[in-house]
Amino acid sequence: MWSVNPTALSGLAPCIDREMTHVKLPDPERLAARILRRERAAVADGLNLLDNKLAEARDRAVRLLACLSGERWLKDGHLVGVTGPPGAGKSSLVSAMIREWRHAGRMVGVLAVDPSSRPELGGGALLGDRIRIKNSSYDDGLFIRSLANRNQLGGVATEVWPMSCLMLACFDIVVIETVGVGQTEIDIADIGDTVCYVAQPASGDTIQYLKSGIIEIPDIFAVNKCDLGPPARKTASEIGRSAPRQDRREDWDYPVCLVSATMNTGIKEFHDHFDRHRKFLADTGLLGKLRTRHQSAWVIRLLKEEFGTIGLELAGGRASIEARLGEDPSDQFGEYERLRKHLLSRFLSVNQPTNPTKEEHPDEQAIV
Amino acid sequence: MVVARKDRDPPWLMRTYSGHSSAKASNALYRTNLAKGQTGLSVAFDLPTQTGYDADSPLARGEVGKVGVPISHIEDMDQLFDQIPLDKMNTSMTINATAAWLLSLYIGLAQRRGIDPTKLSGTTQNDIVKEYLSRGTYIYPPGPSMRLIADTINYTVKHVPKWNPTNVCSYHLQEAGATPVQELAYALCTAMAVLDRVKASGEIPPAEFPQVVERISFFVNAGIRFVEECCKLRAFGEMWDALTLTRYQVEDPKLRRFRYGVQVNSLGLTEPQPENNVQRIVLEMLAVVLSKRARARAIQLPAWNEAMGLPRPWDQQWALRMQQVMAFETDLLEYADILDGSPVIAAKVSELIEGARKEIENVEAQGGIIAAIESGYIKRELVASHMNRLRAIESGDLKIIGVNCFQETAESPLTAGGGDAIMKSDETAERMQIERLQAHRKTRNDAEVRAALQGLTDAAKSGENIMPSSIRCALAGVSTGEWGDSLRAVFGEFRPPTGIDITIDSREVLGKKDQVTDLRERVASTGNALGRPLKLLVGKPGLDGHSNGAEQVAVKARDVGFEVVYDGIRLTPQQIAQAAQEEGVHVVGLSILSGSHMELVESVLQELRSRDLTGLPVVAGGIIPQEDADRLVGLGVRAVYTPKDFNLNAIMGDIVDVVRESNGLERLGALH
Ligand code: B12
Ligand SMILES: Nc1nc2c(ncn2[C@@H]2O[C@H](COP(=O)(O)OP(=O)(O)OP(=O)(O)O)[C@@H](O)[C@H]2O)c(=O)[nH]1
Ligand SMILES: [Mg+2]
């Protein structure tokens, strides 16, 4: 027997509202044009659309993303992931970095993820990163959207994937701040071109985390709060000494930076490593490959989260899905939606599992 | 006939916390109050003055002269104390982040009037810790702020010896929900942080340090549980005595006395049946006068219409008369301590001391009070205590007469006049103050102003005591905004943690399980119908620091399943509208208690319109008189909540309905 996460099949959970509202949804093609013109209101509407789980909204989201993707998709912008334990200073550091980026005239979009309370406690969330990240009263070149992780595994919400793609279409830099994570429950490898781990001085967490062997090594380390003195230096040297990993690249140096977000120390050098890493990825031709691989990883993760391992099998298995996604790297959302709908129809009807092929994809109109 | 004994104890200082509109209007009020037998002055400043902005700063809009008197420069100070002899007056100033500045203006004025500063007596509140935790008029980060406090202490000890340079405040902590144990613990931690800072500055020779300790006075609260509160004050006395002896080696017991002033609890004063507040206030006052050993030095009382708006002179007179009846008609002042020897009292005192000691140790283990503020620990503790209090009121476990029980009432003649039972601030005050300030800027010597400000900046950077250069600024005609900005440029600004990220124990919710679970279902189902979870922005526009309501609304909203964005106090309408847009919220909730709701709500609505967010529903809460609530609804606000809406579950149900209605879903109506 397979089981379906009931809340994931949105709208199917028992609820007071049996009939759906006429939620006003934007025209995706027109919206895309406005997003590409960097209209703030359009960016906000676009993010709302990507967050929306109504069937009609999902269809429009696919259309929106199709309009926004293209060549740029695989080579432009810089997607930065920032992770680390709670209170390490992720938001404060992002704020300090934004000062640098904005100073250089680059537009910045931020997706900040906070934890939701457990479903049995209402599933609500307090989104508290925004104020730590924002440092000037008004700035047209900075856009922050907070997200709750809605009890999904890992330190990021699934919405982060489409949303970061939208933001890449209109901002030069897109930053994703994950929830404060403890040791191993997070998979951050797939969230950005450049992943930065912010360490809390003198906390056992960091070392545990490094030893855990679950994640790929982040590209850049920051040991924040170096204004606190010796503990920060000690942590930095521990990280420096931590055993090299097999997936470590020979041609990247994995810098460890001592910084202080509040005193603004070491920020310039820290900031330069991001540009250097971005350039490294472009020069070695890794950027496009990395993004394609991350996209596939997202699709697999999302399908698995909603339909479980059995769902993945029903969809043809991991390898076959990855192969199909590789065919057209700019249409991963379309492909994901098709797979998802297919699986939904399988799960909702009591059919014999068969291996789907592209031709067999059911007509979109026919499904929920 | 029984007459009062001649050898009775002298009464405490009787004060009325007041100030409004302009220096001139406030001066007139002070002189009438003094004529009525008030024995000291307690100055309330407006929010721009408290947060270091000039009256014509965009951030001051709508707030000038509202909740206190605006003081922009030395001429305002002169007018405020017109015909009041500074050397004979005892003046208490509720001023914190800009305390060094207002004190400099006061000293500068004395110098100008040829009065020796050593004759000045009074108090600057000057406690930044409780600003971060409760009161909200902070500016600079903790480090520089503590230094400013140390500077004023070091300066006054030498040059204005009768001045109380700082008043460690626990009053505001109770107003933010603190329990008696928390009040004791955090106030004493604050006092230690201040004294340690002064000691570390090295400006005071060790032999003179006991004098510094003696100068530290306290400003405390007394709530309606007056027996416990009286014990709390005895506990304060005992703990301070022990602490100053062991930690600071103050040998002379006279220098170890716990000296304190009081404002009694206002958080428990109600909007419904406001006449009941009179007996609450009197009972609360009992707590701080009953025990001679722990009696207050100075008392100021709120008025019966506290929860409705600012008091009028008559309301304040009534509060002053409560004190006078207590002091002059009763026989209270004829006895030695009437609680000494009571085992019941002694046991309660020990219990409080023990609880407070534990919490002090806990804070010390975290690196002291400043570290515990930066980490958000103490603020979270306060938010949690307040949440428990509100839950108890909701469930009826904590009875509030006229609010959650005995609600039926005959019509009250006190409020029959509708909106007339409060002080209306002068609509022209802001414009007049701005004109006065701009005229003042033209009359001063610019070169002198520049030189004085440069001196201030240099002192701020070098670490030299800030007072001499500030007094020079005062005499040169520098404005409050210029002083504040010069230090902002050197010190930077700070926003403390909001403390709303508390863990909510599910078992605590069981008391109201039916309503909370019902709400969770409504929130989830409405979110499903709209395609994404309901998202609420709680916004505090303007300089208003009253955060309790916003915090508790945010905590409750999260509890019932909303995704909540709350960025803390003191944001501009522009920042709030921008957040609403970027965050894609379903509803905006504004909380305003400063009286500036008309201006602020209107600007927020306008900012939202300019961002294509006309359809986004906005609700508002706070101290909002009925007629203003009607006007706000006329402007498009969907609902207005005031203190009489004490049931947060009901408010949440209503907000869900507001969201539903704006999205074409039918309302679900009252909770069961
Ligand atoms: C507690 C309190 C304080 C505390 C605040 C602690 C804190 N962190 O919040 C302290 C002691 C620090 C304080 C200080 C001051 N205070 Co004060 N304070 C109060 C008091 C006694 C209670 C307010 C309160 O917290 N109630 C409890 C909360 C839960 O209720 P609430 O905020 O009203 O919220 C309820 C509803 O209004 C509604 N609601 C409110 N907001 C929102 C938002 C949303 C989205 C929703 C849905 C609902 C909602 O729902 C809540 C549930 O019932 C009131 C008088 C009173 N009894 O109401 C004066 C009062 C608000 N204070 C006042 C003043 C003047 C000040 C000062 C400015 C004085 C001065 N000159 O220095 C200072 C400075 C504060 C500042 N920085 O702005 C005046 C305001 C006058 C006016 N509006 O005309 C009042 C009315 C007292 C008075 N009569 O003079 N204060
Ligand atoms: N001393 C010091 N404190 C810092 C520094 N950076 C951040 N902090 C403090 O650390 C606390 C947490 O900072 P945040 O930036 O909110 O940390 P975060 O990792 O984003 O936290 P979460 O999002 O809650 O997991 C705040 O009190 C900051 O003021 C620093 O460089 N030095
Ligand atoms: Mg953060």
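Within region A:99-116, not a single residue is over 23 Å from A:LYS279 (Cα atoms), away from ligand 2 (no atom under 13 Å from the Cβ) and acidic (Asp, Glu).
Residues checked against (1) in contact with a His (Cβ under 6 Å, 6 or more places away or on another chain); (2) at pLDDT below 95; (3) buried (at least 23 other Cβ atoms within 10 Å of the Cβ):
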site: B:SER462; (1), (2), (3): no, no, no
site: B:ILE466; (1), (2), (3): no, no, yes
site: B:LEU475; (1), (2), (3): no, no, no
site: B:ARG507; (1), (2), (3): no, yes, no
site: B:GLY511; (1), (2), (3): no, yes, no
site: B:THR517; (1), (2), (3): no, yes, no
site: B:THR526; (1), (2), (3): no, no, yes
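The condition of being away from ligand 3 (no atom under 16 Å from the Cβ) and at pLDDT below 80 holds for only one of A:LEU168, A:LEU228, A:LEU210, that being A:LEU210.
Considering only helices (runs of 4 or more DSSP H) fully contained in region B:587-672, which possess at least 3 residues that are within 14 Å of chain A (Cβ to nearest Cβ)?
Working: elements: B:597-609, B:626-635, B:648-662.
Correct list: B:597-609, B:648-662.
Scan region B:1-34 for residues that are over 25 Å from B:ALA429 (Cα atoms) and among the aliphatic types (A, V, I, L, M) and jot them down. Steps first, answer last, please.
Kept after step one, since they are over 25 Å from B:ALA429 (Cα atoms), are these residues of region B:1-34: B:1-14.
Hits for region B:1-34 are B:MET1, B:VAL2, B:VAL3, B:ALA4, B:LEU13, B:MET14.
Pairs are defined by a Cβ separation below 7 Å, a sequence spacing of at least 6 or placement on different chains, a first member in region A:119-148 that is more than 7 Å from chain B (Cβ to nearest Cβ), and a second member that is part of a helix (DSSP H, G or I) and of a type in the set (D, E, K, R); the pairs so defined are A:ASN135/A:ARG99; A:ASP139/A:ARG102; A:GLY141/A:ARG102; A:LEU142/A:ARG102.
Where in region B:52-161 are there helices (runs of 4 or more DSSP H), lying wholly inside it, with at least 3 residues that are over 19 Å from B:VAL478 (Cβ atoms) and more than 13 Å from ligand 1 (Cβ to nearest atom)?
Numbers: elements: B:74-80, B:99-112, B:142-159.
Output list reads B:142-159.
A:ASN48 fulfils the conditions (1) away from chain B (no Cβ under 12 Å); (2) buried (at least 20 other Cβ atoms within 10 Å of the Cβ); (3) more than 12 Å from ligand 2 (Cβ to nearest atom) except for a single criterion, (1). Is it the case that B:THR503 is under 24 Å from B:GLN174 (Cα atoms), modelled with pLDDT under 95 and surrounded by fewer than 24 Cβ atoms within 10 Å (Cβ to Cβ)? So B:THR503 passes the test.
Residues satisfying the criterion are present in region B:439-456 (criterion: at pLDDT 95 or above and among the hydroxyl-bearing types (Ser, Thr, Tyr)). The set of residues in region A:51-70 being without any contact (Cβ under 8 Å) to a residue 40 or more places away in the chain and either within 9 Å of another protein chain (Cβ to nearest Cβ) or touching a Ser or Thr at 6+ places or on another chain (Cβ under 8 Å) (or both) consists of A:ASN52, A:GLU56, A:ALA57.
Search region B:162-183 for residues being part of a loop (DSSP other than H, G, I, E, B) and under 17 Å from the mean Cα position of the chain (by Cα), and hand back the single one that is nearest to B:GLY355 (Cα to Cα). Break it down into steps so the answer makes sense when it comes.
Just the residues of region B:162-183 that are part of a loop (DSSP other than H, G, I, E, B), to begin with: B:162, B:165-166, B:170, B:176-179.
From the residues that got through so far, the ones that are under 17 Å from the mean Cα position of the chain (by Cα) too are B:166, B:170, B:176-179.
On the way: B:THR166: 26, B:SER170: 16, B:ALA176: 19, B:GLY177: 17, B:ALA178: 13, B:THR179: 11 Å.
Filtering region B:162-183 for residues that are part of a loop (DSSP other than H, G, I, E, B) and under 17 Å from the mean Cα position of the chain (by Cα), the one nearest to B:GLY355 (Cα to Cα) comes out as B:THR179.
Among the residues of region B:7-21, count how many are in a strand (DSSP E or B) and under 18 Å from B:VAL64 (Cα atoms). First the steps, then the outcome.
Taking region B:7-21 and keeping what is in a strand (DSSP E or B), we get B:13-15, B:17-18.
Going one step further and asking which of them are under 18 Å from B:VAL64 (Cα atoms), we end up with B:17-18.
So the answer is 2.
When the residues of region A:176-204 are narrowed to those that are within 14 Å of another protein chain (Cβ to nearest Cβ) and at pLDDT 75 or above, which ends up nearest to ligand 2 (Cβ to nearest atom)? Selected residue: A:GLY180.
Restricting attention to region B:534-565, the residues being part of a helix (DSSP H, G or I) and small (Gly, Ala, Ser) number 4. Given the criteria away from chain A (no Cβ under 14 Å), under 20 Å from B:VAL656 (Cα atoms) and not aliphatic (A, V, I, L, M), does B:GLY584 qualify? So B:GLY584 does not fit the description; no. If A:ARG38 passes every condition in (1) at pLDDT below 90; (2) out of contact with any helix residue (DSSP H, G or I) (no Cβ under 7 Å at 6 or more places or on another chain) but one, which one does it miss? Status for A:ARG38: all satisfied but (1). Against the numbered list (1) within 11 Å of chain A (Cβ to nearest Cβ); (2) in contact (Cβ under 8 Å) with a residue 60 or more places away in the chain, B:GLN515 comes up short only at (1). The lone criterion from (1) surrounded by fewer than 17 Cβ atoms within 10 Å (Cβ to Cβ); (2) out of contact with any helix residue (DSSP H, G or I) (no Cβ under 8 Å at 6 or more places or on another chain) left unmet by B:ASP612 is number (2).
The values are calculated or read from the model by the stated rules, or taken from the named source; none is laboratory data. As the structure is a computational prediction, the values presented were derived from the model and not from experiment. FYI the Cβ positions are ideal-geometry reconstructions off the backbone, even for glycines, and counts take in every protein chain you see.
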